[in-house]
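Asks: One structure, as structure tokens, below. Some questions next.
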Ligand SMILES: *Cc1c(COP(=O)(O)O)cnc(C)c1O
């Protein structure tokens, strides 16, 4: 079997030129524009090889040693390796690596701990809560009674006093901490204390920072939360997928909440790729990477602030930055469009004061490419140049192409 890293281009080109062209076009897009979406990264060729392997063919409902299908003896080993590596990496007594995505992991955590109609306290969606934290468009908002806490409108920091008072008032069955857009470390010890005071479960949705946790660059929620939900594809740099971490006493409930309650057969190629990513994340190189991700984000945040954008919380502890470009004369939505036309790919997000949309950026992908603080300062200047109209889209695109040309995500 060939495990050619990126795309089995020749095989695909011969059989299906239409799709080959699409895949190569996406590779070209990723290699010639700047990937600043905070949730994205570039997986390694080894992770891509596992994803493109014949494990994709295997049906494996159930868990290692207790499958509903025959022929699972090899994939059972892959899943055991993934589970053991995840437990070691995060210091967890139990890991479930079958969740198909971050959202599926959150669904399973709720299924393990809650009943429909239960009250749940989570960061409100206008402040960076995820859809699975009570959006009316999502199962969470439909099946549970969500109460939202917020962030301080001035500082952008989680309103911890409000967390405590809402917990006392509503007596939730679970408290969720975690966000799609929070740039600072979360005080897990505080959340644990409040959860204990009101008799609630604590669920940490660490989809974003879990990769920093793996690299020792962010606090680990595992010692504090009853269940930790995470993705494997953000800073952690693995395949698109989810996982859950918990103590032994909840292991069986969590496993049964994933399968058979919310999912069917496990995706064994993805689980093998998760194992590869966990292996990579135990290396000194990954520890250095995680710390560089944060160092880069700090420089990028400082650069954007120096250019006049209002950076939420005044900076970042993580890979993630949110900023209001309004002082430059453009709101987040328009800014995202202008920057996309210039080859800078990023997201809009809500802002603490809630009046207009902001920009959300992350440094996970550019750091994987090998960029450092010098490049981050250049990117901040380029963002401001485009938004102030000092640099037109064409010359910005050329500048981006030159920059990323020196840092190919998949050399060769
Ligand atoms: C990304 C994210 C998710 C969802 O992950 P998907 O894999 O897109 O389903 C859930 N919660 C938080 C906090 C996230 O950042």
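Asks: So in the stretch 118-140, with the set limited to residues that are in a helix (DSSP H, G or I) and within 23 Å of residue 358 (Cβ to Cβ), which one is farthest from the ligand (Cβ to nearest atom)?
Replies: Step one: list which residues in the stretch 118-140 are in a helix (DSSP H, G or I), which gives 125-127, 131-133, 139-140.
After this cut, where a residue has to be within 23 Å of residue 358 (Cβ to Cβ) as well, the list is 125-127, 131-133.
Values: 125: 11, 126: 15, 127: 12, 131: 8, 132: 6, 133: 7 Å.
Among those residues, the one meeting the criterion is 126.
Asks: Only one of (1) assigned to a loop (DSSP other than H, G, I, E, B); (2) without any contact (Cβ under 8 Å) to a residue 40 or more places away in the chain; (3) over 25 Å from residue 97 (Cβ atoms) fails for residue 305. Which number is that?
Replies: Condition (1) is where residue 305 drops out.
Asks: For the stretch 208-247, give me each residue that is assigned to a strand (DSSP E or B) and within 14 Å of the ligand (Cβ to nearest atom).
Replies: Passing the criteria: 227, 228, 229, 230, 231, 242, 243, 244.
Asks: Might you let me know whether the stretch 200-207 holds any residue that is crowded, with 21+ Cβ neighbours inside 10 Å, farther than 14 Å from residue 121 by Cβ and touching a residue at least 12 places away in the same chain (Cβ under 8 Å)?
Replies: Checking the stretch 200-207: at least one residue is crowded, with 21+ Cβ neighbours inside 10 Å, farther than 14 Å from residue 121 by Cβ and touching a residue at least 12 places away in the same chain (Cβ under 8 Å).
Asks: Name the one entry in 71, 25 that is surrounded by fewer than 13 Cβ atoms within 10 Å (Cβ to Cβ) and either in a loop (DSSP other than H, G, I, E, B) or touching a strand residue (DSSP E or B) at 6+ places or on another chain (Cβ under 8 Å) (or both).
Replies: From the options 71, 25, the qualifying one is 71.
Asks: Oh, and also: Tell me, yes or no, whether the stretch 72-95 has at least one residue that is over 30 Å from residue 266 (Cβ atoms) and under 19 Å from the mean Cα position of the chain (by Cα).
Replies: Within the stretch 72-95, not a single residue is over 30 Å from residue 266 (Cβ atoms) and under 19 Å from the mean Cα position of the chain (by Cα).
Asks: Just one of (1) within 15 Å of the ligand (Cβ to nearest atom); (2) within 21 Å of residue 39 (Cα to Cα); (3) in contact with a strand residue (DSSP E or B) (Cβ under 9 Å, 6 or more places away or on another chain) trips up residue 110, so point out which.
Replies: (2)
Asks: Just to be sure I understand, how many residues within the stretch 141-186 are part of a loop (DSSP other than H, G, I, E, B) and over 17 Å from residue 315 (Cα atoms)?
Replies: 7
Asks: List pairs: first in the stretch 221-249 and over 24 Å from residue 267 (Cα atoms), second within 12 Å of the ligand (Cβ to nearest atom) and part of a loop (DSSP other than H, G, I, E, B), Cβ under 7 Å, 6+ apart or cross-chain?
Replies: Pairs found: 221/206.
Asks: May I pose another question? Please list, ordered by first then second residue, the pairs with beta carbon atoms under 6 Å, 6 or more apart or interchain, first in the stretch 336-360 and without any contact (Cβ under 8 Å) to a residue 24 or more places away in the chain, second in a loop (DSSP other than H, G, I, E, B) and surrounded by fewer than 22 Cβ atoms within 10 Å (Cβ to Cβ).
Replies: 348/357
Asks: If we scan the stretch 18-26, do we find a residue that is within 27 Å of residue 275 (Cβ to Cβ) and touching a residue at least 24 places away in the same chain (Cβ under 8 Å)?
Replies: The answer is no, given that none of the residues of the stretch 18-26 is within 27 Å of residue 275 (Cβ to Cβ) and touching a residue at least 24 places away in the same chain (Cβ under 8 Å).
Asks: Does residue 55 satisfy the criteria of being surrounded by 13 or more Cβ atoms within 10 Å (Cβ to Cβ), at negative phi and without any contact (Cβ under 8 Å) to a residue 60 or more places away in the chain?
Replies: Spelling it out, it is not the case that residue 55 is surrounded by 13 or more Cβ atoms within 10 Å (Cβ to Cβ), at negative phi and without any contact (Cβ under 8 Å) to a residue 60 or more places away in the chain.
Asks: Does the stretch 74-107 hold any residues that are assigned to a helix (DSSP H, G or I), out of contact with any strand residue (DSSP E or B) (no Cβ under 6 Å at 6 or more places or on another chain) and within 15 Å of the ligand (Cβ to nearest atom), and which are they?
Replies: 103, 107
Asks: Given the options 132, 119, name the one that is out of contact with any strand residue (DSSP E or B) (no Cβ under 7 Å at 6 or more places or on another chain), in the same structural domain as residue 200 (by TED's automatic domain parsing) and closer than 28 Å to residue 199 by Cα.
Replies: 132
Asks: Just checking, which of 46, 38 is touching a residue at least 60 places away in the same chain (Cβ under 8 Å), touching a helix residue (DSSP H, G or I) at 6+ places or on another chain (Cβ under 9 Å), part of a helix (DSSP H, G or I) and outside the structural domain of residue 250 (by TED's automatic domain parsing)? Let's see the steps before the verdict.
Replies: Values: 38 fails: part of a helix (DSSP H, G or I).
One residue alone meets the criteria, 46.
Asks: What residue, among those in the stretch 151-176 that are without any contact (Cβ under 8 Å) to a residue 40 or more places away in the chain and touching a helix residue (DSSP H, G or I) at 6+ places or on another chain (Cβ under 8 Å), is surrounded by the fewest Cβ atoms within 10 Å (Cβ to Cβ)?
Replies: The selected residue is 168.
Asks: Of all residues being under 25 Å from residue 323 (Cα atoms) and out of contact with any strand residue (DSSP E or B) (no Cβ under 6 Å at 6 or more places or on another chain) in the stretch 170-207, which is farthest from the ligand (Cβ to nearest atom)? Just the residue, please.
Replies: Filtering the stretch 170-207 down to residues under 25 Å from residue 323 (Cα atoms) leaves 176-188, 204-207.
Keeping just the survivors that are out of contact with any strand residue (DSSP E or B) (no Cβ under 6 Å at 6 or more places or on another chain) gives 180, 182, 184-185, 187-188.
Numbers: 180: 4, 182: 9, 184: 14, 185: 15, 187: 16, 188: 14 Å.
Step by step, filter the stretch 170-207, then rank; the result is 187.
The values are calculated or read from the model by the stated rules, or taken from the named source; none is laboratory data. Not measured: the values here are computed from a predicted model. Note that we place each Cβ from the backbone using ideal geometry, even for glycine, and neighbour counts take in every protein chain shown.
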